[in-house]
1. Is it the case, given these coordinates, that Ser100 is more than 23 Å from Ala138 (Cβ to Cβ), polar (S, T, N, Q) and either surrounded by fewer than 22 Cβ atoms within 10 Å (Cβ to Cβ) or not assigned by TED's automatic domain parsing to the domain that holds Thr144 (or both)?
2. Can you tell me which residues in segment 333-372 are surrounded by 20 or more Cβ atoms within 10 Å (Cβ to Cβ) and either in contact with a Cys (Cβ under 6 Å, 6 or more places away or on another chain) or part of a loop (DSSP other than H, G, I, E, B) (or both)?
3. Looking at (1) at pLDDT 90 or above; (2) more than 20 Å from the chain's Cα centre (by Cα), which is the only condition Thr228 fails?
4. Which condition does Gln190 not pass, out of (1) modelled with pLDDT under 90; (2) surrounded by 24 or more Cβ atoms within 10 Å (Cβ to Cβ); (3) polar (S, T, N, Q), if it passes all the others?
5. Does segment 125-133 contain at least one residue that is outside the structural domain of Ile347 (by TED's automatic domain parsing), at pLDDT 90 or above and charged (D, E, K, R)?
6. Inspect segment 67-89 for any residue being among the basic types (Lys, Arg), touching a Ser or Thr at 6+ places or on another chain (Cβ under 6 Å) and either buried (at least 20 other Cβ atoms within 10 Å of the Cβ) or under 28 Å from Ala355 (Cβ atoms) (or both) and give the result as yes or no.
7. Checking the structure you have, find out if any residue of segment 338-357 is outside the structural domain of Ser119 (by TED's automatic domain parsing) and farther than 25 Å from Ala57 by Cα.
8. Against the definition (touching a residue at least 60 places away in the same chain (Cβ under 8 Å) and over 22 Å from Thr180 (Cβ atoms)), how does Thr59 come out, yes or no?
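The values are calculated or read from the model by the stated rules, or taken from the named source; none is laboratory data. In this text the structure is predicted, and so the values were computed from the model without any measurement. Virtual Cβ from ideal backbone geometry, glycine too; neighbours counted across all protein chains shown.
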Amino acid sequence: MGPEKYRQVLAVPGFRSVLLLGLLAKLPVVAIPIVLTLHTALGLGQGYGQAGLVAGAWTAGVTIGAPFQGRFIDRRGLRAMLLVAVVGQGAFWGLAPLMSFPVFVAGALLSGLVLVPGSTVIRLAIAGLVPQEQRHTAFALDSTLTSLSYMAGPALAVAAATQVSTELALLALGALLLGTNLALAVRNPQTEKEEEQQDQQGQENLTGAKRSGLGRLNLPLIAVFAATLASGAIIAGYEVAIVATLRAEGQIEWTSLVLLLSGICSVVGGLAFGALPRSLPVPLATALLSLSVLPLGLVGEWWLLALAVIPAAVLYSPVFAATATAASELSGKGNRATVMSIYGAAISAGSALGAPVAGAAFDAAGPVAGFAATGVLGAAVALFAAVVLRGRGRAEPAPQQETEPAAPAAPSLQPVTQET
């Protein structure tokens with residue numbers, strides 16, 4: 001049953017080409033923080049505190065810019081946003097080797113504001129190309145490819161920056177970003193199914209107004225975003241805690257192997273999740289991930305830690321596939337790009353939050369606190385999401401439809417199925 005589900009998804013017209021282009025677009029994006037850090041420290045001769053400032057400025061730009069990009073895509077289309085990104089990324093990465101440190105910080109912030117992540121493009125394409133009953137498999141495949149990009153992208157960036165030069169790494173990264181964005185702009189994947197676009201237009205004709213994408217965010221969506229942010233924090237947090245634990249135990253040389261095994265497990269987990277008949281509920285997926293990291297602080301030996309981290313690593317891809325599926329289903333007609341862009345920003349914000357929280361907790365109270373800091377946060381958010389999402393569809397009103405004048409009739413008692 002599993003392989004058949006993947007064959008069905010990959011047989012969707014146009015999806016394989018978007019998936020390949022999206023993977024190529026992810027590689028430079030996951031490598032950007034590493035390249036920015038190394039160029040600041042090695043190329044510009046600054047300290048690692050200044051390097052963190054540059055990477056933080058870029059992350060802030062990505063997080064702040066995401067919802068505005070989503071609204072732009074909903075109104076003007078994906079191709080227009082990608083062309084804006086091509087201009088912005090070309091200007092920054094082409095001139096980055098010539099920039100002084102203060103200009104480099106400002107440029108990193110502006111570059112983040114107009115970055116269109118490959119993951120966002122793929123998620124929009126999944127919503128626009130793949131039938132709803134197959135989307136959780138498609139999102140699982142996307143999460144699995146993201147895991148692969150995180151395993152390969154930073155390693156390639158370090159090799160280019162340290163073995164050749166940081167200036168060449170900047171130019172190569174920029175060239176790859178421009179090439180993939182241009183290819184995606186030419187491909188211009190569909191982001192909403194035709195029937196959804198027609199239904200949206202019909203509703204606008206009836207009401208005489210077009211609602212803002214941000215205006216249609218609701219409490220269930222906020223719960224999904226919170227779970228996404230918490231999951232990103234847990235993943236980033238346990239990676240930092242693993243490094244800190246192995247360093248404290250005098251086994252830092254095993255760090256790469258433990259993280260590599262964790263990455264392999266995340267790929268296996270994503271593929272297994274995609275073969276399931278349906279997606280997991282967001283609260284359950286988040287709770288399982290949270291609980292799986294809590295006992296890791298009790299383990300010291302590297303090989304025991306590598307075994308103990310397997311449950312959390314296996315859940316890495318499934319939890320993001322589950323949250324992406326839920327965000328896509330909860331997005332309204334005409335605001336999907338806004339929702340999925342905010343979803344991507346929630347992942348970035350969670351990653352930015354999780355690392356310092358886990359690190360500070362580790363420094364203050366040791367390994368148990370380092371792993372528990374984000375795990376407890378995730379468990380609390382999972383409980384909140386469970387309360388909010390329980391029975392969310394029961395009270396939703398049926399959409400108003402235009403009908404011909406007719407004799408009075410009793411209201412229909414037939415339940416309404418929401419198109420998502």
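1. Yes: the conditions hold for Ser100.
2. Answer for segment 333-372, where residues must be surrounded by 20 or more Cβ atoms within 10 Å (Cβ to Cβ) and either in contact with a Cys (Cβ under 6 Å, 6 or more places away or on another chain) or part of a loop (DSSP other than H, G, I, E, B) (or both): Lys333, Gly334, Asn335.
3. (2)
4. With (1) modelled with pLDDT under 90; (2) surrounded by 24 or more Cβ atoms within 10 Å (Cβ to Cβ); (3) polar (S, T, N, Q) applied to Gln190, the lone miss is (2).
5. No; the residues of segment 125-133 include none that is outside the structural domain of Ile347 (by TED's automatic domain parsing), at pLDDT 90 or above and charged (D, E, K, R).
6. The answer is no; no qualifying residue exists.
7. No - not one qualifying residue is present in segment 338-357.
8. Considered against the rule, which asks whether it is touching a residue at least 60 places away in the same chain (Cβ under 8 Å) and over 22 Å from Thr180 (Cβ atoms), Thr59 comes out as no.
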